[in-house]
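What follows is one structure encoded as C-alpha cells, with my remarks underneath.
Values quoted throughout were computed directly from the atomic coordinates according to the rules given, and no laboratory measurement underlies them. Small disclaimer: the values here were computed from a predicted structure and weren't measured. All Cβ positions, even for glycine, are placed from backbone atoms using ideal geometry, and neighbour counts span all protein chains on display.
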Amino acid sequence: DGGITQSPKYLFRKEGQNVTLSCEQNLNHDAMYWYRQDPGQGLRLIYYSQIVNDFQKGDIAEGYSVSREKKESFPLTVTSAQKNPTAFYLCASSQGREETQYFGPGTRLLVL
Amino acid sequence: GESVGLHLPTLSVQEGDNSIINCAYSNSASDYFIWYKQESGKGPQFIIDIRSNMDKRQGQRVTVLLNKTVKHLSLQIAATQPGDSAVYFCAESYTGGFKTIFGAGTRLFVKA
C-alpha cells in the first residue's frame with residue numbers, strides 16, 4: 001500500500017515543550033512539505049524539502065524546525081518558540097517540485 | 001485562492017443534483033491547477049487537475065473548467081451524493097515557481 005502516513009493523529013503539548021510530528025512516505029517522492037491549516041483558511045507552507053539533506057523555509061517557518069535525513073521521512077518539530085501552535089498539521093509529498101502534491105491524514109496539535 | 005476567514009462559503013445541494021464549486025485564482029502566471037476534497041478531520045484528497053493549455057477536463061463524475069481570461073476555475077460534480085459532502089479547495093502553481101497556493105475552500109452539503 002503506497003501512501004503518506006502521519007503520526008500521531010492527536011498530539012498535546014505543554015507550555016515550553018518541543019514536540020515532533022512524524023511524516024513518512026513510501027511513494028519514492030523527492031519533495032516533501034509541511035503545511036499548517038487553521039479553521040476557514042487555506043493551507044500555509046511551513047517548510048519544504050526538494051531532496052534529502054536539503055530543506056527551505058516556507059511562509060510561516062518561525063517556531064518550527066525540520067530535518068530530511070532520509071528520502072521517506074520529513075519530521076516537523078514544533079518548538080516552544082511557536083506561541084500559537086494549535087492547528088491541524090498536514091504533510092504532503094510530490095514527485096518533483098512542480099508535480100501534484102499528495103497529503104497525509106494530518107496531525108491535530110492541541111496545547112494543554 | 002484567498003483566505004475567507006473563519007466562515008467558508010457554503011453550497012447546499014439536493015442529492016442527485018449537479019454541484020458547481022467556483023474558485024478565483026490569484027496569479028495570472030499560474031499554469032497548473034488542482035482540486036482537492038477534504039473531509040472533516042482528514043487530509044486533502046486529490047480529485048482532478050488541469051494545465052493551462054486546456055480549458056476543460058473530465059474525470060469520473062467530475063469536470064474542471066478553466067477560464068484564464070478571468071482567472072476562474074470551477075469544479076462540477078454530477079449526480080451529487082451524500083459522500084460528496086466535504087470542503088473543496090483549489091490550488092494553483094506555475095512552472096518555475098517554488099510553491100503551490102491553496103484557497104480556503106467551499107463547504108458542500110448534500111441533502112438526502
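Taking a point 7 angstrom from the Cα of A:Leu112 along the C-beta vector, which residues in the stretch A:1-39 have backbone N less than 12 Å away? Zone members listed by number: A:11-17.
Note on the protein assembly as shown: Cα Rg divided by 2.2 N^0.38 Å, N the number of residues, gives 1.02.
Rg then Dmax, both in Å and based on the Cα atoms of chain A: 13.0, 38. Take each peptide in B:75-87, A:87-99, A:6-18, count the other Cβ atoms within 10 Å of every residue, and average; sorted highest first, the result is A:87-99, B:75-87, A:6-18. Note on chain B: dipole from Cβ charges, positive end direction compared against B:Gly41, B:Ile77, B:Gly103; the farthest Cα belongs to B:Gly103. DSSP bridge analysis restricted to chain B gives an antiparallel fraction near 85%, rounded to the nearest 5.
According to the square roots a ≥ b ≥ c of the eigenvalues of the Cα gyration tensor, what is the shape class of the stretch A:26-65, taking rounded for a/c under 1.5, prolate for a/b larger than b/c otherwise, and oblate for the remainder? The shape class here is oblate. Whole-Hz Karplus values for the stretch B:102-111 come out as 10, x, 6, x, 10, 8, 9, 10, 10, 8 Hz, taken residue by residue from phi with 6.51 cos²θ - 1.76 cosθ + 1.60 and θ = phi - 60°; glycine and proline positions read x. Counting only Cα atoms, the size of chain B along its three principal axes is 44, 30, 23 Å, in decreasing order.
Under the convention that each Lys and Arg Cβ holds +1 and each Asp and Glu Cβ holds -1, the size of the dipole of chain B around its Cα centre is about 100 debye. Residues of the stretch B:66-93 with an amide N closer than 12 Å to a point placed 7 Å from the Cα of B:Lys56 along the Cα-to-Cβ direction: B:66. So, in Å, what gap is there between the alpha-carbon centers of the stretch A:92-111 and the stretch B:1-76? First find each Cα centre; the distance between them is then 18 Å. For the peptide A:8-15, the mean number of other protein chain Cβ atoms found within 10 angstrom of a residue's Cβ is 0. Counting only lysines at least 8 places from A:Lys14 when in the same chain, those with an alpha carbon closer than 20 Å to its own are A:Lys83. Within the protein assembly as shown, no Cys is without another Cys Cβ under 4.7 Å of its Cβ, so every one has a disulfide-compatible partner by this rule. Of A:Val78, A:Val19, A:Val66, the residue with the greatest mean-square motion in the GNM of chain A, using alpha carbon springs below 10 Å, is A:Val19. Using a simple spin-label model with pseudo-atoms 7 Å out from Cα toward Cβ, A:Asp38 and A:Lys83 lie 1.3 nm apart. Across peptide B:31-44, the mean count of Cβ atoms from other chains lying within 10 Å of each residue's own Cβ comes to 4.
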